[in-house]
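To keep things clear, I will list the structure first and then write my remarks on it.
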Ligand code: HEC
């Protein structure tokens with residue numbers, strides 16, 4: 001006779017009131033509440049159940065976050081006539097300069113990628129196609145005169161409402177802003193990485 005069978009046998013002879021003390025726990029095991037209490041195991045079981053619940057909640061939250069991150073951002077209306085507000089009045093564009101774009105990619109990684117992805121919404125809008133939506137002057141003014149843009153440019157102000165967050169960059173030299181613009185022109189001609 002195994003220990004378990006012996007245990008079952010003994011249970012059968014117990015009065016109902018005592019037998020009710022044996023409960024099925026969350027994991028489907030039969031546990032004796034009296035001895036559980038005695039060894040402080042009730043609290044341990046409660047802690048296990050709480051941890052389990054926490055893990056389930058965390059898993060659900062992470063899945064929800066991932067689903068939300070995949071949601072397509074509503075299409076923006078291009079405003080290529082708008083040059084924005086700030087120090088940049090006119091940018092002359094030639095063919096894309098790969099060296100300048102490479103420098104811009106570094107600036108982007110340091111100063112922009114904290115808030116921007118190319119292909120999905122993050123803290124701020126996705127930027128792969130921003131050169132098709134905004135003029136080069138507007139983009140550079142957004143980098144060099146962010147606060148002025150948010151306060152005085154209607155398109156930038158609308159974006160603040162949409163994204164519920166305010167872009168902050170500081171101390172980007174105009175040359176670096178120009179380099180980022182080149183990088184953004186370059187990525188707009190490339191396919192999103194899958
Ligand atoms: C602290 C977070 C943050 C950082 C850092 C940041 N941005 Fe932004 N950006 C935003 C947010 C948020 C918006 C939407 C407008 C707003 O709410 O201010 C935005 C908007 C923009 C837009 C307009 C997008 C559109 O759809 O018209 C451009 C362009 C842009 N950012 C470029 C940059 C570049 C380039 C850098 C790096 C030099 C940068 N941002 C750094 C948060 C950030």
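Residue count for region 139-162 under the criterion of being within 6 Å of the ligand (Cβ to nearest atom) and under 13 Å from residue 112 (Cβ atoms): the result is 3.
Taken over region 118-134, residues that are more than 9 Å from the ligand (Cβ to nearest atom) and touching a helix residue (DSSP H, G or I) at 6+ places or on another chain (Cβ under 9 Å) amount to 5.
Filtering region 163-181 to residues that are farther than 18 Å from residue 105 by Cβ, out of contact with any helix residue (DSSP H, G or I) (no Cβ under 7 Å at 6 or more places or on another chain) and surrounded by fewer than 13 Cβ atoms within 10 Å (Cβ to Cβ) leaves 164, 165, 170, 171.
The residues in region 163-194 that are within 8 Å of the ligand (Cβ to nearest atom) and over 14 Å from residue 130 (Cβ atoms) can be counted, and the count is 7. Residue under question is residue 91, and the condition is that it be surrounded by fewer than 19 Cβ atoms within 10 Å (Cβ to Cβ), modelled with pLDDT of 95 or more and either within 9 Å of the ligand (Cβ to nearest atom) or not in a helix (DSSP H, G or I) (or both); does it hold? Taking the combined requirement at face value, the residue satisfies it. Out of curiosity, is residue 114 near the ligand (Cβ under 8 Å from one of its atoms), farther than 15 Å from residue 75 by Cα and assigned to a helix (DSSP H, G or I)? In short, no. Test residue 139 against the criterion of being in the same structural domain as residue 103 (by TED's automatic domain parsing) and without any contact (Cβ under 8 Å) to a residue 40 or more places away in the chain, and give yes or no. Taking the combined requirement at face value, the residue does not satisfy it. Out of the residues in region 44-77 meeting the condition of being closer than 20 Å to residue 122 by Cα and surrounded by 11 or more Cβ atoms within 10 Å (Cβ to Cβ), tell me which one is modelled with the highest pLDDT. Among those that are closer than 20 Å to residue 122 by Cα and surrounded by 11 or more Cβ atoms within 10 Å (Cβ to Cβ), it is 76. If we scan region 95-105, do we find a residue that is in contact with a helix residue (DSSP H, G or I) (Cβ under 7 Å, 6 or more places away or on another chain) and near the ligand (Cβ under 10 Å from one of its atoms)? Checking region 95-105: at least one residue is in contact with a helix residue (DSSP H, G or I) (Cβ under 7 Å, 6 or more places away or on another chain) and near the ligand (Cβ under 10 Å from one of its atoms).
The values are calculated or read from the model by the stated rules, or taken from the named source; none is laboratory data. None of the values given here were measured: they were computed from a predicted structure. With ideal geometry, Cβ positions are generated from the backbone for all residues, glycine too; neighbour counts draw on all protein chains shown.
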